[in-house]
Each structure stands twice: as structure tokens, then as C-alpha cells.
Amino acid sequence: MTKILVIPHRAIGDLIFQLPLIKSLSENSNLIIIAPSTTKADQLLEKYKNIEVKFFDFTDKKFLSKIKFFFNLKKFINTFNANEIYCLSATTWVLLPIIFSKPKKKFLYGFFHSKFKRNKFNSTKPSQITLDFINKNKIKKNNFQLSLDENNHKEIIKKYSYYKKPWIFLSIDSFHNAPNWSLENYKLIIEEAKKYFSTIFVNTLPKHHHLFDQLNINETNIVLTMKYDWRDIMSLINDSQIFIGNHSGPGHLADAMNIRSIIINNNTHKNELWSKKSSFLDNNSIYFNTWETNDNEIKNFIIDEFKKK
């Protein structure tokens with residue numbers, strides 16, 4: 001049996017939050033995932049041999065483009081002759097071509113949401129949306145854990161064997177460019193990390209390279225990873241003792257791989273999605289919001305964590 005999961009959301013975290021559904025759907029069937037290339041789905045899911053990733057352009061459309069999008073996505077879905085199709089999106093223009101596609105069984109989060117329901121959707125933890133969907137459709141429950149293909153991971157790590165351990169990994173920006181923790185705070189954390197870690201990896205998106213200039217980094221044991229392949233970054237995070245970063249994909253990844261993770265969010269919306277209640281997936285991670293915990297408390301907590309290593 002072939003199943004299709006459509007993930008129109010654009011970021012890495014959006015895919016990681018659907019891991020329980022992805023793992024369950026792929027257990028006894030071939031699963032095709034249709035998603036934007038920015039989710040890095042092909043690399044994140046490398047271990048799952050019965051999952052095929054197909055990239056599709058889901059960028060927001062204007063009215064006339066949405067008509068073209070309707071026919072393109074519908075045609076694309078129909079080429080796979082799947083039995084079932086799943087989608088957790090609450091966006092009508094994404095759901096319409098799915099509804100009119102060939103698969104007989106369609107499992108959708110919702111359709112024609114009222115403004116109230118849409119606001120509720122936007123303030124619900126993404127992980128909870130997945131779990132609610134699984135429960136509603138009586139799908140076998142699974143977990144949020146992600147593991148890498150071991151052989152691939154070992155080959156990649158060999159390339160970086162000259163970096164002394166222990167490692168720490170910091171991610172100082174975010175894909176959505178949400179309000180991030182200040183660079184001054186990261187400067188202090190990097191200075192403290194030098195006392196406890198032999199190699200400090202610091203990551204940002206290539207388009208945010210100016211952030212590195214502001215950090216004024218010149219030590220050889222501080223490694224800037226913005227030009228590294230994403231798959232290499234995955235392995236570097238996996239072998240780090242601790243991850244520190246803003247609320248973004250690398251943090252979700254570290255958390256899913258059970259790396260001790262400290263996530264700092266500087267978001268000022270003060271809604272449920274961004275509060276401490278929206279803690280990450282694993283008990284090995286901790287989530288701070290700067291409107292609930294001040295900077296000094298966060299920095300002191302991190303330094304105390306360093307001392308434990």
C-alpha cells in the first residue's frame with residue numbers, strides 16, 4: 001500500500017513535529033512525503049528506506065497563482081496512485097487540490113476553519129497538533145525521536161576527526177528570522193564555553209553571515225558552520241555534548257536526537273505557542289522565553305550546565 005503525507009510548511013521543525021505520524025505511516029507501507037525542499041526531509045529521514053521524498057513548491061501564492069497551484073498539486077499527487085493521503089495543514093488553498101485528488105481515503109486536519117479555530121490552531125503546540133491528529137484518526141502512536149543512518153554518520157564524522165572533543169554546538173539565528181536572543185548574550189556564552197569545550201561550532205544561515213562579523217570570532221577552536229552541508233551539520237550536532245540556540249530547526253533537530261538542548265526564544269507575542277508550556281519534545285531539553293525568564297538567569301543556568309560537563 002502507498003500512502004502520501006503532504007507537508008506544506010517550509011521549515012525543518014515543521015517536519016520534525018510530525019515524526020510520530022511519519023514513522024507510523026511508514027511502518028507497513030510505502031510512504032511518499034511531498035514537502036518543500038527547505039524542510040530537508042530527504043536528509044532528516046535518510047534512515048527510513050521505505051520513505052520517498054518528493055519536493056514541491058508551496059510558497060504562498062497570489063490569487064491567479066493559486067488556481068495554477070491547484071491543478072499542479074492535484075496532478076502531482078495523482079501520479080503516485082496512492083491509496084491514502086494525509087495533511088495537517090489548516091490552509092484552504094493547500095487542502096483543496098488534496099480533496100479533489102485521486103486517493104480514496106483522505107485524512108485532513110481541518111477545512112474551512114473559522115477565524116476562531118485558525119487562531120486556536122496557531123496557538124497550539126505543533127507537537128500537540130500531530131498527537132491530536134493521530135488520536136482522532138486512530139493511528140498507531142509513535143515517538144518524536146530521530147536517529148541518523150549510522151554508516152552515513154560515521155563517514156561524515158571522519159571528516160571532522162581533527163576537531164578535539166568535547167564539542168558544543170550553537171545556532172544563533174532562525175529560518176523565520178524570529179526575534180532571536182541577542183548576540184551580546186551569545187558572545188558571553190562562547191567565552192564561557194571556551195573553558196569547558198575543546199571545539200565550539202557556531203551556525204547561522206549563509207544569508208545571515210553578517211552576524212559572525214559582529215561576534216568578531218578568530219580563535220581556531222571556534223568553527224563557523226554556515227557554509228557546511230546541512231547533512232554534515234546534522235552529524236556535528238549529533239556528536240555534540242550540548243546544543244544552545246534560538247527557537248529554530250537546528251534546535252528541534254538536536255532535541256529530537258536526544259542531545260541536551262537549551263533553547264532561548266526572544267519572541268514577544270506572549271501566546272501559548274511560545275510560552276514555557278510549549279516546551280520541546282524531549283525531557284533532555286529546556287526552553288526559555290525572555291519574557292518569562294530574564295537574560296541573567298538564562299546565562300547563569302547555561303554556565304551551570306557547562307560546569308556539569
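The values are calculated or read from the model by the stated rules, or taken from the named source; none is laboratory data. These numbers come from a predicted model, not from an experiment. With ideal geometry, Cβ positions are generated from the backbone for all residues, glycine too; neighbour counts draw on all protein chains shown.
Checking each residue in segment 38-76 for being of a type in the set (A, V, I, L, M) and closer than 30 Å to Asn152 by Cβ picks out Ala41, Leu44, Leu45, Ile51, Val53.
Hey, can you tell me all the residues within segment 78-108 that are in a helix (DSSP H, G or I) and either surrounded by 14 or more Cβ atoms within 10 Å (Cβ to Cβ) or at pLDDT below 95 (or both)? Let's see the steps before the verdict.
Step one: list which residues in segment 78-108 are in a helix (DSSP H, G or I), which gives 78, 92-99.
Matches in segment 78-108: Asn78, Thr92, Trp93, Val94, Leu95, Leu96, Pro97, Ile98.
Output the residues belonging to segment 207-225 that are of a type in the set (Val, Ile, Thr) and either within 20 Å of His176 (Cα to Cα) or without any contact (Cβ under 8 Å) to a residue 40 or more places away in the chain (or both).
First, the residues of segment 207-225 that are of a type in the set (Val, Ile, Thr): 217, 220, 222-223, 225.
Within segment 207-225, Ile217, Thr220, Ile222, Thr225 qualify.
Please work out if Lys47 is under 28 Å from His247 (Cβ atoms), touching a residue at least 60 places away in the same chain (Cβ under 8 Å) and not in a helix (DSSP H, G or I). Steps first, answer last, please.
Details: under 28 Å from His247 (Cβ atoms): yes; touching a residue at least 60 places away in the same chain (Cβ under 8 Å): yes; not in a helix (DSSP H, G or I): yes.
Criteria met by Lys47.
Please find, within segment 36-77, the residue that is modelled with the lowest pLDDT out of those that are of a type in the set (Phe, Trp, Tyr) and either assigned by TED's automatic domain parsing to the domain that holds Ala256 or surrounded by fewer than 14 Cβ atoms within 10 Å (Cβ to Cβ) (or both).
Initial filter on segment 36-77 (of a type in the set (Phe, Trp, Tyr)): 48, 55-56, 58, 63, 69-71, 76.
Narrowing further to those that are either assigned by TED's automatic domain parsing to the domain that holds Ala256 or surrounded by fewer than 14 Cβ atoms within 10 Å (Cβ to Cβ) (or both): 63, 71.
Working: Phe63: 77, Phe71: 96.
Only one residue fits best here, namely Phe63.
Is it the case that some residue within segment 8-31 is of a type outside the set (A, V, I, L, M), modelled with pLDDT of 95 or more, in a loop (DSSP other than H, G, I, E, B) and more than 30 Å from Ile156 (Cβ to Cβ)? No, segment 8-31 contains no residue that is of a type outside the set (A, V, I, L, M), modelled with pLDDT of 95 or more, in a loop (DSSP other than H, G, I, E, B) and more than 30 Å from Ile156 (Cβ to Cβ). A single member of Asn143, Asn238, Asn258, Asn180 is touching a residue at least 40 places away in the same chain (Cβ under 8 Å) and outside the structural domain of Asn296 (by TED's automatic domain parsing), and it is Asn143.
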